[in-house]
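The values are calculated or read from the model by the stated rules, or taken from the named source; none is laboratory data. Values in this document were obtained by computation on a predicted structure and should not be read as measured data. Cβ placement follows ideal geometry from the backbone for every residue including glycine, while neighbour counts extend to all protein chains displayed.
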Amino acid sequence: MTSLPSQKIRLACVLAILCGSLLLTSCYYTPEVVRAFDGEYSEAKNQQIITEYCQSCHLHRNFDPESHVDEARAFYKKPLYQSSRACRLCHYVDDNFVGDEITRSTRRPSEVRRGKYRAFEKEFIHDLKKARSGKKIKKKKKSFWNFF
């Protein structure tokens with residue numbers, strides 16, 4: 001017969017393993033809107049998901065993406081930004097460690113002029129060319145383990 005302290009230790013270990021596995025599995029969930037901002041769908045579907053996400057906010061319920069894109073183009077000097085119709089070029093989201101909260105942000109024209117997003121722009125152009133040529137885009141999945 002096992003003693004009482006060893007049963008408590010065993011129970012604590014089992015609980016720790018269960019909590020740890022729950023935490024790790026929650027890291028693998030990526031909301032659809034984050035996947036759309038990452039460009040995992042077709043151009044039209046990405047735009048549709050992003051527009052619905054913006055319009056779900058009470059401040060942007062009357063948001064018209066076409067007029068917004070036309071107005072925003074004037075602020076950017078680079079041809080990529082002036083000719084694009086994709087919201088995900090100027091806007092992006094980050095999900096936190098567990099994935100239950102999304103942080104929204106904008107690639108501001110002044111930051112673009114200073115070259116802060118050159119790596120992103122190259123990747124965006126590369127993905128755009130592949131998508132338009134009909135080839136399957138293979139992206140690395142974001143994972144907790146990529147940090148190590």
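If you go through the range 65-84 and keep only what is surrounded by 12 or more Cβ atoms within 10 Å (Cβ to Cβ) and out of contact with any Phe, Trp or Tyr (no Cβ under 9 Å at 6 or more places or on another chain), you end up with Pro65, His68, Val69, Tyr76, Lys78. If you go through the range 36-56 and keep only what is of a type in the set (Ser, Thr, Tyr) and free of Cβ contacts under 8 Å to residues at least 24 places away in the same chain, you end up with Tyr41, Tyr53, Ser56. Quick check: is even one residue across the range 106-115 surrounded by fewer than 16 Cβ atoms within 10 Å (Cβ to Cβ) and modelled with pLDDT under 90? No, the range 106-115 has no match at all. Of the candidates Leu59, Leu80, the single residue that is without any contact (Cβ under 8 Å) to a residue 24 or more places away in the chain and in a helix (DSSP H, G or I) is Leu59.
Just give me the residues in the range 48-64 being surrounded by 10 or more Cβ atoms within 10 Å (Cβ to Cβ) and under 18 Å from Thr103 (Cα atoms), in sequence order. Selection gives Ile49, Ile50, Thr51, Glu52, Tyr53, Cys54, Gln55, Ser56, Cys57, His60.
Consider the range 102-127 and keep the residues that are assigned to a helix (DSSP H, G or I) and either in contact (Cβ under 8 Å) with a residue 40 or more places away in the chain or not assigned by TED's automatic domain parsing to the domain that holds Arg73 (or both). The one that is farthest from Ser42 (Cα to Cα) is Glu121. One residue alone among Val34, Val14 is at pLDDT 80 or above and under 21 Å from Phe120 (Cβ atoms), and that residue is Val34.
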